[in-house]
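The values are calculated or read from the model by the stated rules, or taken from the named source; none is laboratory data. Here the structure is a predicted model, which is why all the values come from computation and not from measurement. A quick note on method: Cβ atoms are made from the backbone with ideal geometry, for glycine too, and the neighbour counts reach across all protein chains shown. Ligands, DNA and RNA are stripped out before the accessible areas are found, and what is left, the full protein with its side chains, is counted by its heavy atoms. Shrake-Rupley method; radii C 1.70, N 1.55, O 1.52, S 1.80 Å.
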Amino acid sequence: MYIPTANRKTICKALFKDGVLVAKKDYNAPRHPEIDVPNLEVIKAMQSLTSRGYVKTLFSWQYYYYTLTDEGIEYLREYLNIPQEVVPATFKKSARTAAPRFGGRP
């Protein structure tokens with residue numbers, strides 16, 4: 001399926017930003033709820049990335065769940081010209097604060 005380059009880049013940017021993407025199995029939906037491109041183009045672009053091994057797909061309750069793999073991160077960095085220090089949100093370490101301890105020695 002032909003997907004315009006601007007739409008493909010928009011999909012890839014959204015995927016790289018979060019590291020995951022969700023699409024409802026509705027091929028007739030005019031737009032994806034989070035990305036301003038047709039839902040069918042999102043599903044087909046992710047299907048293409050899945051066949052190349054850049055994305056893992058999980059289907060449950062009429063929704064497609066796409067997760068970016070390590071090879072996919074490298075591919076999207078090259079495709080979108082993103083520097084090495086930028087990582088998807090799912091790969092960022094959250095800063096945990098030390099919880100106060102009760103009843104012990106300080």
* Is there a residue being among the aromatic types (Phe, Trp, Tyr), free of Cβ contacts under 8 Å to residues at least 12 places away in the same chain, more than 28 Å from Pro83 (Cβ to Cβ) and out of contact with any strand residue (DSSP E or B) (no Cβ under 7 Å at 6 or more places or on another chain) anywhere in the range 48-69? -> yes
* To do: Specify which of the listed residues (Ala23, Ala29, Ala14, Ala45) is part of a loop (DSSP other than H, G, I, E, B) and either in contact with a helix residue (DSSP H, G or I) (Cβ under 9 Å, 6 or more places away or on another chain) or modelled with pLDDT under 90 (or both).
  => Ala29
* Asked: Pick from the range 50-81 the residues that are among the aliphatic types (A, V, I, L, M) and surrounded by 15 or more Cβ atoms within 10 Å (Cβ to Cβ): which of them is farthest from His32 (Cα to Cα)?
  -> Ile73
* Looking at the range 1-17, which of its residues are of a type in the set (Phe, Trp, Tyr) and open to solvent by 60 Å² or more (accessible area, probe 1.4 Å)? -> Tyr2
* **Single unsatisfied condition, Gly53 versus (1) part of a loop (DSSP other than H, G, I, E, B); (2) within 14 Å of Lys13 (Cα to Cα)** => (2)
* Give the residues of the range 21-49 that are under 25 Å from Lys92 (Cβ atoms) and open to solvent by less than 60 Å² (accessible area, probe 1.4 Å), sorted by residue number. => Leu21, Val22, Ala23, His32, Ile35, Val42, Ala45, Met46, Leu49
